[in-house]
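The values are calculated or read from the model by the stated rules, or taken from the named source; none is laboratory data. Model, not experiment: these values are computed from the prediction. As a convention, Cβ positions derive from the backbone with ideal geometry for all residues, glycine included, and neighbour counts pool all protein chains shown.
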Amino acid sequence: KQFCERHPEITIEWEARSLQEFGEGSIQALADQYDLVIIDHPYMGQVAQGKCFLPFDQHLASAQLQELERESVGASYQSYFFEGHQWALPIDAAAQVAGYRADLLKANGFDVPQTWDEVLDVAKFRRGFVSPALSPLDSLMCFFTHLMARSQRIPSRSGRG
């Protein structure tokens, strides 16, 4: 709002994409169509290789970037740094979460699981009683998150990880 008041000659149009499009859309197509894009960190390799975007480190002051890094959650800022450039800036932090229905757990004799072993015990109760993310991409990202949390390498096509 403040920007628009200061610069009435500039029009900002905001277009939303579905979460599915956000996760699976073509970065190059977005770069060709828009001046400013919100993307996710897994695309940094594609962005760097295709030079789809201008790197922020070449257009913002070092002090600004350092402040943004200090104010970012965890490794959010670093996740957009690839091949020597800051290709994007974090605006949020994704996190794996779990949900449960206390009434269903209680009705079936379970307490809320506190460990992975307890989650696995509940999962053995009945097929579908415990369910991962349902979209293929989300399921894959959950799997990768679990690998990384256990200090495991994500397998590569070469099989070396």
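Somewhere in segment 5-26, is a residue at pLDDT 90 or above, touching a helix residue (DSSP H, G or I) at 6+ places or on another chain (Cβ under 7 Å) and either surrounded by 11 or more Cβ atoms within 10 Å (Cβ to Cβ) or at positive phi (or both)?
no
Among the residues of segment 23-57, which ones are of a type in the set (Asp, Glu) and assigned to a helix (DSSP H, G or I)?
Here is the first cut: in segment 23-57, the residues of a type in the set (Asp, Glu) are 24, 32, 35, 40, 57.
Result: 24, 32, 57.
Looking at segment 59-90, which of its residues are exposed (fewer than 13 other Cβ atoms within 10 Å of the Cβ) and either hydroxyl-bearing (Ser, Thr, Tyr) or in contact with a Lys or Arg (Cβ under 9 Å, 6 or more places away or on another chain) (or both)?
Result: 62, single match.
Being of a type in the set (Gly, Ala, Ser), in contact (Cβ under 8 Å) with a residue 60 or more places away in the chain and surrounded by 15 or more Cβ atoms within 10 Å (Cβ to Cβ), is that true of even one residue in segment 27-40?
no
Restricting the search to segment 66-123, which residues are assigned to a helix (DSSP H, G or I) and under 13 Å from the mean Cα position of the chain (by Cα)?
Matches in segment 66-123: 78, 79, 80.
Against the definition (within 21 Å of residue 138 (Cα to Cα), of a type outside the set (Val, Ile, Thr), in contact (Cβ under 8 Å) with a residue 40 or more places away in the chain and part of a helix (DSSP H, G or I)), how does residue 20 come out, yes or no?
Answer is yes for this residue.
In segment 99-111, is there at least one residue being at pLDDT 90 or above, polar (S, T, N, Q) and surrounded by 13 or more Cβ atoms within 10 Å (Cβ to Cβ)?
no
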